[in-house]
Amino acid sequence: MDEEIKAIERNGTWDLVEFRKGYKPIGVKCLYKKKMNPQRKIERYKARLVAKGYKQKAKMETIQLLLSLIAQLE
C-alpha cells in the first residue's frame with residue numbers, strides 16, 4: 001500500500017483541497033491482488049486505492065445528456 005500512496009503523490013494524481021461545508025467526501029477503499037509467476041508462486045502483492053463511485057450523485061444535466069446519446073444511438 002505504501003508503494004501505491006507514493007505513486008499517487010509522485011504522479012500528482014490528487015490535490016488536497018479545503019473541505020466545503022454542506023458536502024460529503026467520497027470515500028476510498030483499497031483493493032489488493034496477488035501477482036503470480038508462471039510457477040503459480042506469489043511474486044508480489046499489489047494494492048490499488050479506488051474511489052467509492054457508488055456514493056457519487058449525478059447532476060440532472062448529465063443524466064439528460066446520457067439519455068439523449070442513448071436515444072441517438074438506437
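None of the figures in this text is laboratory data; all of them are computed from the coordinates on show. Predicted model, so just to flag it, every value in this text is computed and none were measured. So basically every Cβ, Gly included, is an ideal-geometry build from the backbone, and we count neighbours across all protein chains shown.
In the chain, the DSSP-assigned H stretches of four residues or longer account for a calculated mean residue ellipticity at 222 nm of -10000 deg cm²/dmol, using -39500 (n - 2.57) per stretch and the full residue count as denominator.
Taking packing as the residue-averaged number of other Cβ atoms within 10 angstrom, the listed peptides 3-14, 22-33 run from highest to lowest as 3-14, 22-33. For the range 1-50, the alpha carbon positions stretch 53, 21, 12 Å along the principal axes, listed from largest to smallest. Relative to the longest principal axis of the Cα atoms of the chain, the long axis of helix 2-11 lies at roughly 50 degrees. With respect to the chain, whose longest principal axis is taken over its alpha-carbon atoms, helix 60-73 is tilted by about 90°.
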